[in-house]
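**Q** Before anything else, here's the structure in question.
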Amino acid sequence: MSASNDDRKRELECLRLASDLVQLASDTLNPLLKAHCLRMAKLWSREAENKPPEWGGEHTGVPSASLH
């Protein structure tokens, strides 16, 4: 797989995770869990815009190994 395909696959994985977290936030009645899910969704949405550190991009604090 080429680097551009890897980039796109990684971006989609991050966006899917963000989407799942937004759904969890809307499904829960627990305000603390809702806030946490929304914070994490925002983090993963931002992560989708960044290159992983091993590809020379800026480190965002989310280990890329957690995406696999």
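The values are calculated or read from the model by the stated rules, or taken from the named source; none is laboratory data. The shown structure was predicted, so the numbers you read here are calculated from the model rather than taken from an experiment. Here the Cβ positions follow ideal geometry from the backbone for every residue, glycine too, while neighbour counts run over all protein chains shown.
**Q** Out of all the residues in the stretch 30-55, which are hydrophobic (A, V, I, L, M, F, W, C) and at pLDDT 95 or above?
**A** Within the stretch 30-55, the first condition is being hydrophobic (A, V, I, L, M, F, W, C), and the residues that meet it are 32-33, 35, 37-38, 40-41, 43-44, 48, 55.
L32, L33, A35, C37, L38, M40, A41, L43, W44, listed by residue number.
**Q** A further question on this structure: Considering each residue of the stretch 7-23, count those that are at pLDDT 95 or above, touching a Leu at 6+ places or on another chain (Cβ under 8 Å) and not aliphatic (A, V, I, L, M), and give that number.
**A** 2
**Q** Any residue in the stretch 1-23 that's part of a helix (DSSP H, G or I) and of a type in the set (G, A, S): show its pairings with residues that are at pLDDT 95 or above and surrounded by 12 or more Cβ atoms within 10 Å (Cβ to Cβ) at Cβ separation under 7 Å, as long as the two are six or more apart or on different chains.
**A** Pairs found: A18/A41; A18/W44; A18/S45.
**Q** Here is a follow-up. Would you point out which residue out of A41, A35, A25 is buried (at least 16 other Cβ atoms within 10 Å of the Cβ) and either charged (D, E, K, R) or over 14 Å from the mean Cα position of the chain (by Cα) (or both)?
**A** Details: A41 fails: either charged (D, E, K, R) or over 14 Å from the mean Cα position of the chain (by Cα) (or both); A35 fails: buried (at least 16 other Cβ atoms within 10 Å of the Cβ).
Among A41, A35, A25, only A25 is buried (at least 16 other Cβ atoms within 10 Å of the Cβ) and either charged (D, E, K, R) or over 14 Å from the mean Cα position of the chain (by Cα) (or both).
**Q** Can you tell me which residue in the stretch 24-50 is nearest to S4 (Cα to Cα), limited to those that are among the hydroxyl-bearing types (S, T, Y) and assigned to a helix (DSSP H, G or I)? First the steps, then the outcome.
**A** First, pick out the residues of the stretch 24-50 that are among the hydroxyl-bearing types (S, T, Y): 26, 28, 45.
Going one step further and asking which of them are assigned to a helix (DSSP H, G or I), we end up with 26, 45.
Values: S26: 33, S45: 19 Å.
Taking the candidates together, the pick is S45.
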